[in-house]
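What follows is a single structure, written as structure tokens, with notes after it.
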Amino acid sequence: MGLIAKKEMPKDCILGTWEITEDLDTLRSQVHLETYEQVRLDGFKNYNRKLEFLSVRILLRELAGEKARIIYNKTNKPYVKDNSFQISITHSHKLTSILLSKTKKVGIDLEFMSHRIENIADKFIHPMEKISHDPDLRRYHMYIHWCAKEALYKICDKNELNFKLHLFIKPFEVSEKGEIKGFVHSEKKHDEFNMQYFKMDNYVVVMCCKPLSI
């Protein structure tokens, strides 16, 4: 299938999504890898992880050009090698998404709603957060919270944040898409973020961005 969405977002952001329907050899033939990228690819044992790795590189090329390359810091946070873009990456099931910006820090998470997230709710839902009691909305509502906190975790550079204790999503009414507000309160960081969410088939996507100067 390949590229299924390339969207210029408000606030100087670009969102791209790739559906993985190709096999490993097909994806590998579509992208040139530097030596360090090939070494990283070869190090993955899991076949699907290899597919995800390649789809990210192909998608980045589609969004930012052939020369764009991803490197990682010591916490495994991705960066564009020449700093031409801020980048956040997510993948789940058959989809890979990248959020890019030249002027904003970015965070994105995408999840396929495949399991009973209620079983782990006590690990990431803050006592003050409000989750719908409607059985048709409850799982979706929880997935929005999970994705929002993953996006906050990424935009805050993975700084030892506990999803339940340090990240808070202001209560909101659930819909197919909307805006929510997320807060980060820890010993190292206090901040708030405006976030966007939407549902795409059985996937939930949440993203946020904030000027680099803030």
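Every number here is computed from the coordinates shown, using simple stated rules; none is lab data. All values reported here derive from a predicted model rather than from experimental measurement. Glycine also receives a Cβ, built like all others from the backbone with ideal geometry; neighbour counts cover every protein chain displayed.
What to note about this one:
- Stretched out straight at 0.36 nm per residue, the stretch from Arg61 to Phe183 would grow longer than its current Cα-Cα span by 40.6 nm.
- In the chain, the sites counted are trypsin sites (Lys or Arg not before Pro) in DSSP loop states with at most 14 other Cβ atoms within 10 Å, and the longest stretch holding none of them, exclusive of the sites, is 12-44.
- The chain: angle of helix 47-64 to the longest principal axis, Cα-based, in degrees nearest 10: 80 degrees
- Only Lys, Arg, Asp and Glu carry charge here, each on its Cβ (+1 for the first two, -1 for the last two); on that basis segment 73-147 has a dipole of about 420 debye about its Cα centre.
- Shape class for segment 2-102: oblate, because the ratio a/c of the largest to smallest gyration tensor axis (alpha-carbon atoms, square roots of eigenvalues) is 1.5 or more and b/c is at least a/b.
- Exposed GluC sites (Glu not before Pro) absent: longest stretch of the chain, with sites in DSSP loops and at most 10 other Cβ within 10 Å deemed exposed: 67-172
- The chain, relative contact order [Cα under 8 Å, separation at least 6], %: 17 percent
- Orientation-averaged projection of segment 86-147 equals 5.3 nm² [convex hull of Cα atoms, one quarter of hull surface area].
- Pairwise FRET efficiency - Asn48 versus Arg138, Cβ, R0 = 22 Å, nearest 0.05: 0.15
- Across segment 67-79, computed HN-Hα scalar couplings (Karplus, 6.51 cos²θ - 1.76 cosθ + 1.60, θ = phi - 60°) run 7, 5, 9, 9, 10, 10, 8, 5, 9, 6, 7, x, 9 Hz from first to last residue, x flagging Gly and Pro.
- Net charge, Lys154 excluded, C-beta distance under 9 Å - Lys, Arg +1, Asp, Glu -1: -1
- Expected-Rg normalisation [2.2 N^0.38 Å, Cα atoms] applied to segment 109-211: 0.99
- Once the chain from Leu165 to Asp201 is taken as fully extended at 0.36 nm per residue, the excess over their C-alpha distance is 9.9 nm.
- Taking amide H as placed 1.01 Å from N in the peptide plane, the amide H of Cys13 sits under 5 Å from none that are at least 5 places away or on another chain.
- Candidates Ile14, Ile120, Ile155, ranked by Gaussian network fluctuation over the chain, Cα under 10 Å, top entry: Ile120
- Residue among Thr96, Thr17, Thr75 with the largest mean-square fluctuation in a Gaussian network model of the chain, springs linking Cα atoms under 10 Å: Thr75
- For Lys130, the lysines whose Cα comes closer than 17 Å to its Cα, not counting residues fewer than 8 places off in the same chain, are Lys149, Lys164, Lys170, Lys181.
- On Cα atoms only, tilt of 138-155 relative to the major axis of the chain in degrees: 60 degrees
- For the chain, Kirkwood radius (reciprocal of mean inverse C-alpha pair distance, Å): 17.9 Å
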